[in-house]
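Structure first, then comments.
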Amino acid sequence: MTSQVFLSVVAPCFDEAAGLQEFYRRVSAACCALPGLHSRWELVLVNDGSRDSTLEIMHRLAFDDPHVVAINLARNYGHQVALTAGLQHCRGERILILDADLQDPPELLADMMQMMDEQDADVVYGQRRARAGETRLKLTTAALFYRLLRRLVEIDIPLDTGDFRLMSRRTLDVLNKMPERDRFIRGLVSWIGLRQVPLLYDREPRFAGSSGYPFLKMARFALDAVTSFSVVPLRFASLAGLITGTMGLLSLSYTVGGWLFGAVVTGWTSIATLVLIIGGVQLVMLGVIGEYLGRLYMEAKHRPLFVVDSIVCAPARGSSRVRALEPNPNYAEPVV
Ligand code: UDP
Ligand code: MG
């Protein structure tokens with residue numbers, strides 16, 4: 001079955017009802033326009049516990065067009081896990097990751113395919129030249145974050161990239177073998193290596209709906225990125241200890257010197273300040289250790305990353321509805 005599909009387009013969807021039809025229209029137009037692809041493509045839509053009619057629209061699309069596969073997750077697991085679910089189920093030789101909100105234009109598929117062929121690349125990733133329709137807060141935090149991340153991690157995660165990328169099957173096979181729960185997929189793909197080339201593009205505003213990434217979720221995502229790829233923050237404890245220790249020694253020599261020469265240092269303000277600073281640094285470092293420890297704890301449970309409620313695709317494929325409670329890459333063969 002795998003050889004039948006050459007291109008898989010994978011899109012996680014959370015409350016995307018308003019724009020999903022248009023998304024499908026543009027993706028299928030882009031795929032149909034590709035010479036040589038013929039009908040060998042699929043669009044894998046993953047419903048990540050949407051509260052609107054996303055799932056119904058996905059089902060309608062899947063019944064009307066045999067190219068569409070609609071995967072329904074058992075609840076909302078978040079963007080990266082929903083994307084992982086789609087990536088584990090898709091069957092193409094090449095895989096395009098796309099957000100369902102049309103911020104990344106599907107029409108770039110043709111350029112990406114061409115670059116992959118011509119430059120013999122395993123990954124063609126979209127690199128943002130401009131981002132329309134984003135808040136100043138998002139732009140500033142994203143710019144700061146990607147630059148900070150580059151300093152903290154040892155692998156080369158390119159600046160200003162999202163998950164929008166075309167990958168080869170062998171790259172995806174490696175990615176799918178990475179079992180970690182806190183998934184920062186763009187970083188994991190960079191970690192793999194192989195030949196990865198950028199395609200510069202302008203990011204568009206959302207076609208409809210609103211971002212599923214409020215500030216707190218974004219902050220958590222940033223923490224996942226740092227802790228997944230770097231233990232540098234853990235070393236801050238030693239650095240902070242070194243700095244405060246040196247400050248303590250300097251302060252001690254100052255006090256002893258004052259006592260020797262008759263100028264006794266008075267007042268408790270300085271002591272109180274020092275105690276607060278040291279206490280603060282210690283608590284922050286405990287928090288940092290807690291971040292890593294918490295992630296270790298969650299990893300140690302070895303729970304499945306996600307639960308699939310149902311997979312719907314056109315009857316022409318041999319199955320109209322499959323139920324699976326485990327990630328099940330064999331949805332072409334019905335379980336029920
Ligand atoms: N998304 C998801 N689960 C979530 C949040 C978002 O599957 O909990 C999907 C969403 O439908 C979209 C993609 O992930 O296709 C990117 O999300 P969004 O556009 O909200 O993020 P932003 O582009 O604002 O960073
Ligand atoms: Mg978006």
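The values are calculated or read from the model by the stated rules, or taken from the named source; none is laboratory data. These numbers were taken from a predicted model, which means no experiment stands behind them. A quick note on method: Cβ atoms are made from the backbone with ideal geometry, for glycine too, and the neighbour counts reach across all protein chains shown. With ligands, DNA and RNA removed, areas are computed over all heavy atoms of the protein, side chains included. Shrake-Rupley method; radii C 1.70, N 1.55, O 1.52, S 1.80 Å.
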Two-site label geometry, Leu286 and Ser251: point separation in nm, points 7 Å out along Cα→Cβ: 1.9 nm
Among all stretches of the chain without exposed chymotrypsin sites (Phe, Trp or Tyr not before Pro) (DSSP loop, at most 11 other Cβ atoms within 10 Å), which one is longest? 1-260
The chain, relative contact order in percent, only Cα pairs under 8 angstrom and at least six apart counted: 22 percent
Which whole-Hz couplings ³J(HN,Hα) result when phi for each residue of the range 88-93 is put into the Karplus expression 6.51 cos²θ - 1.76 cosθ + 1.60, θ = phi - 60°, listed in order with x for Gly and Pro? 6, 9, 6, 10, x, 6
Note on the range 1-145: contact order normalised by length, alpha-carbon pairs under 8 Å, 6 or more apart, percent, works out to 33 percent
Can you tell me the Rg and Dmax of the range 56-110, counting just the alpha carbons, in angstroms? 12.2, 34
As a test question: what accessible area, to the nearest 10 Å², does Lys217 have when a 1.4 Å probe is rolled over all protein chains in place? 80 Å²
Please list, ordered by chain and number, the residues whose modelled amide H lies under 5 Å from the amide H of Asp99; skip anything fewer than 5 residues away on the same chain. Asp104
Within the P(r) computed for the chain, what percentage of the Cα pairs occupies the region above 32 Å? 38 percent
Need the full-extension length gain, Glu56 to Leu137, defined as separation in residues times 0.36 nm minus the C-alpha distance. One decimal, nm. 25.8 nm
When only C-alpha pairs under 8 Å and at least 6 residues apart count, what is the relative contact order of the range 78-168, in percent? 46 percent
Using a cut-off of under 20 Å, list every residue of the range 121-152 whose amide N is near the label point 7 Å from the Cα of Lys217 along the Cα-to-beta-carbon line. 132-143, 145-146
Which of Thr273, Val197, Ala222 sits farthest toward the positive end of the charge dipole of the chain, with +1 on the Cβ of Lys and Arg and -1 on the Cβ of Asp and Glu? Thr273
extent check for the range 142-195: Cα max minus min per principal axis, descending, whole Å, gives 32, 22, 17
Kirkwood Rh and Cα-based Rg: tell me the resulting Rg over Rh for the range 256-296, rounded to two decimals. 1.37
Run lengths n ≥ 4 of DSSP H only: what is the helix-derived mean residue ellipticity at 222 nm for the chain, with -39500 (n - 2.57) per run over all residues, to the nearest 500? -15500 deg cm²/dmol
Over the range 182-310, give the accessible area per residue in Å² for a 1.4 Å probe, as an integer. 64 Å²
Residues with amide H under 5 Å of Arg94's amide H, sequence separation 5 or more or different chain, H placed in the peptide plane at 1.01 Å from N; which? Leu7, Ser8
Place a label point 7 angstrom from the Cα of Arg235 along the Cα-to-Cβ direction, then list the residues of the range 115-155 whose backbone nitrogen is under 20 Å away. 146-155
Amide H partners (placed H, <5 Å) of Leu34, local residues excluded: none
Determine the share of the range 216-318's accessible area contributed by carbon and sulfur atoms, expressed in whole percent, with a 1.4 angstrom probe. 77 percent
Dipole moment magnitude, nearest 20 debye, the chain about Cα centre, only Lys, Arg, Asp, Glu C-beta charged: 700 debye
Between the Cα axis of helix 109-118 and the main Cα principal axis of the chain, the angle (0 to 90°, nearest 10) is 80 degrees
Using θ = phi - 60° and Karplus 6.51 cos²θ - 1.76 cosθ + 1.60, couplings along the range 164-176 (whole Hz; Gly, Pro as x): 4, 6, 9, 10, 7, 4, 5, 5, 5, 4, 5, 4, 5
With the full set of protein chains in place, find how many percent of the accessible area of the range 52-171 is carbon and sulfur; take the probe as 1.4 Å. 51 percent
Mind pulling the per residue volume of the convex hull built on the Cα atoms of the range 1-153? Å³ is fine. 146 Å³
Once both axes come from the Cα atoms, what is the angle between helix 269-300 and the longest principal axis of the chain, in degrees from 0 to 90, rounded to 10? 30 degrees
At 7 Å along Cα-to-Cβ for each site, give me the label-to-label distance between Thr244 and Asn176 in nm. 4.9 nm
